[in-house]
Each structure stands twice: as structure tokens, then as C-alpha cells.
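Below is one structure, written out as C-alpha cells; comments come after it.
No value in this document is a laboratory result; all are computed from the given coordinates. Please read all numbers here as calculations on a predicted model, not as lab measurements. Ideal geometry is used to build each Cβ from the backbone, glycine not excepted, and the neighbour counts take in all protein chains shown.
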Amino acid sequence: MSTSEMLELNRTIDRLRRCVGSLRSMYGDAAPVRRLDNDLERLEIDARELDSSPPRTSRPSEERIKVSDTPYDASMWRGVDDEGLGGLHYGRE
């Protein structure tokens, strides 16, 4: 991530930490508050990990499938409806 993105992420985590602290003062040591605190800890761990690793700059290569330009065998279409043309029935040769 860029420096500005990491700074914004860390600021947001800090704001969430303050908010969860306020919730703790209202709800005490309730299970949902403990889960939020655990989630924040995981966010901090992931943010540190992202900050210490370089971002990927290139896209992974995608497998390409070659499609032949040669015409299909006309017998392959014998007896098939042309659904895109309203289901016309006519002989193909």
C-alpha cells in the first residue's frame, strides 16, 4: 500500500479503537465488545503485515486458450434450430 493509504488505515484503526473503548465503558466486558476488540487486534496485525511486505506490481499471467479461425464442419449443425433467429427450421447443407 502507498504511504497515504497506510496512514489512513492506521488512523481508521485508531478511531475504531477509541470507539470500542467508549462502547466498553457503556457495556462493560460484554462478549460483543470483546469480539470487536479481537477484530481490531486482527486488523492491526494485518495492517502491519501489509506495511512490511511490498505490494504486487504486476498482474499474474492468465492462461490463454487458443480458438481456431478455421470454419466448423457444417454437418455439426445439421438438424439444429437457429434459436437466435426465432427458431427457424430449414435444411442446412
Of all the Cα-Cα pairs you can form in the range 3-52, what percent are over 14 Å apart? 53 percent
Ranked list, fewest to most other Cβ atoms within 10 Å of each Cβ, for Glu5, Glu44: Glu5, Glu44
